[in-house]
Amino acid sequence: MALAAPRFPARRPAVALRTPAGRVWSGWAGRRPPRPATVFTGCGLALLPWMVVLAGTMPRTAEVSNWSAAWIGLDAMLAAGLTGTGLLLRKGDPRVAPVAAATAALLVMDAWFDVTTSAGTGGQGLALLLAAGAELPLAVACAVVAARRTA
């Protein structure tokens, strides 16, 4: 059996960007702008040292103003995401995939913050129960919807 090299699609030539006056924009001086994958990867890697800085400088406790507004806002986004996912799924609308994916991410984030902010309090058991019994299973269901609708 011979090994075959993987085939990658040919790159499309770069499209010349033009200024409103019709001249070719030369902001990259003959180079191609960075690809989105490169930008995203670089941003993700740049967050790693920032997380180390935060771990060493963040206070152990903090008094937060507008705490209820933050949580109500997150729950409002969850309500919109879950309702939108359900309605779009019922219609068979292909736009359900990004809505379901965003909702899955919000559900995981909500579970994370519920559990971590309740640590050491009387509400920690309820936060763990809601995370394991509701938020994370719903996140998995939304992720499955998103994955199946994009394929």
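Can you tell me which condition A127 does not meet? The list is (1) in contact with an Asp or Glu (Cβ under 6 Å, 6 or more places away or on another chain); (2) touching a residue at least 24 places away in the same chain (Cβ under 8 Å), and all the others hold.
Of the numbered conditions (1) in contact with an Asp or Glu (Cβ under 6 Å, 6 or more places away or on another chain); (2) touching a residue at least 24 places away in the same chain (Cβ under 8 Å), the odd one out for A127 is (2).
Can you list residue pairs whose Cβ atoms sit under 9 Å apart, with the first residue in the stretch 56-80 being assigned to a loop (DSSP other than H, G, I, E, B) and the second being at pLDDT 90 or above? Count only pairs 6 or more apart in sequence or on different chains.
Correct list of pairs: V64/A70.
For G30, all conditions in the list (1) at pLDDT 75 or above; (2) part of a loop (DSSP other than H, G, I, E, B) hold save one; what is the number of the exception?
(1) is the only condition that G30 fails.
Any residue in the stretch 88-99 that's more than 11 Å from A147 (Cα to Cα) and of a type outside the set (G, A, S): show its pairings with residues that are crowded, with 16+ Cβ neighbours inside 10 Å and at pLDDT below 95 at Cβ separation under 7 Å, as long as the two are six or more apart or on different chains.
So the pair list comes out as P94/R149.
Look through the stretch 87-139, keep the residues that are in a loop (DSSP other than H, G, I, E, B) and of a type outside the set (D, E, K, R), and return whichever of them is surrounded by the most Cβ atoms within 10 Å (Cβ to Cβ).
Per the stated criteria, the residue is S118.
If D75 satisfies every condition in (1) modelled with pLDDT under 85; (2) in contact with an Asp or Glu (Cβ under 9 Å, 6 or more places away or on another chain) but one, which is the exception?
Going through the list (1) modelled with pLDDT under 85; (2) in contact with an Asp or Glu (Cβ under 9 Å, 6 or more places away or on another chain), D75 breaks only (1).
Output the residues belonging to the stretch 37-55 that are surrounded by 10 or more Cβ atoms within 10 Å (Cβ to Cβ) and either touching a residue at least 12 places away in the same chain (Cβ under 8 Å) or aromatic (F, W, Y) (or both).
Hit for the stretch 37-55 is F40, nothing else.
The values are calculated or read from the model by the stated rules, or taken from the named source; none is laboratory data. None of the values given here were measured: they were computed from a predicted structure. Glycine gets a Cβ as well: all are built from the backbone with ideal geometry, and neighbour counts include every protein chain shown.
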